[in-house]
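For reference, the structure discussed in these notes is given below.
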Amino acid sequence: MGEVHEGMCGTHQSAHKMKWLLRRAGFYWPTMLEDSFRYYKGCDSCQKFGDIQLAPASMLHPIIKPWPFRGWGLDFIGQIHPKSSKGHRFVLVATDYFTKWTEVVPLKNMTHKEVIKFILEHIVYRFGIPQTLTTDQGSSFISHQVREFA
């Protein structure tokens, strides 16, 4: 089973594919599929790098901040079709975790310059420097310029 699953020609196959390959190689036993599932579920690499849909569900944990405007969550909405009359195709949204206050601005492009400008004008200048900014790791948020700014 190890050779079929992760050997020279094995590419960490699923349990059903392992059973098919074993049968093709001339092997058979009554609990072949169950054993294939057991082997597949015991493979650390498959569990670590496998499909996220097969990962067990876990509890969500709320992000709690002790006072207003200390931590913000930022995300883009879009691309919006059709674009607005002024050419806006995206919306940048920031939400304060304590008060749930929301700052929203329409944008024509998702660039690091727009993100920095938004953080300065809509968060820092109005509410002070936040302790944390939480994003979904989108390319506009993790660019070198935004990291230097933050």
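So here's what we get for this one:
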| item | result |
| --- | --- |
| Whole-angstrom gap from the stretch 68-130 to the stretch 11-32, using each part's C-alpha centre | 52 Å |
| For the chain, calculated [θ]222 nm from helices alone, where every DSSP H run of n ≥ 4 adds -39500 (n - 2.57) | -8000 deg cm²/dmol |
| Proxy reagent accessibility, fewest Cβ within 10 Å first, across Asp35, Asp96, Asp136, Asp44 | Asp44, Asp136, Asp35, Asp96 |
| Amide H contacts of Arg70 (H built 1.01 Å from N, under 5 Å, at least 5 apart or other chain) | Phe98 |
| Hits among aspartates and glutamates - C-alpha to C-alpha of Lys17 under 20 Å, sequence gap 8 or more where chains match | Glu3, Glu6, Glu34, Asp35, Asp44, Asp51 |
| Long-range HN-HN contacts of Phe141 with modeled amide H, under 5 Å | none |
| Degrees between helix 15-24 axis and first principal axis of the chain (Cα, 0 to 90, nearest 10) | 30 degrees |
| About the Cα centre, charge dipole magnitude for the chain (Lys/Arg +1, Asp/Glu -1 at Cβ), debye | 400 debye |
| Set Lys83/Lys113; Lys48/Lys100; Lys19/Lys48 screened for pairs whose C-alpha atoms are more than 29 Å apart | Lys48/Lys100 |
| Hits among aspartates and glutamates - C-alpha to C-alpha of Lys108 under 19 Å, sequence gap 8 or more where chains match | Asp75, Glu121 |
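Since every read-out is calculated from the coordinates, none of them should be taken as a lab result. Bear in mind that the values here come from a model prediction, so they are computed numbers and not experimental data. Here Cβ is always computed from backbone atoms with ideal geometry, including for glycine, and neighbour counts include all displayed protein chains.
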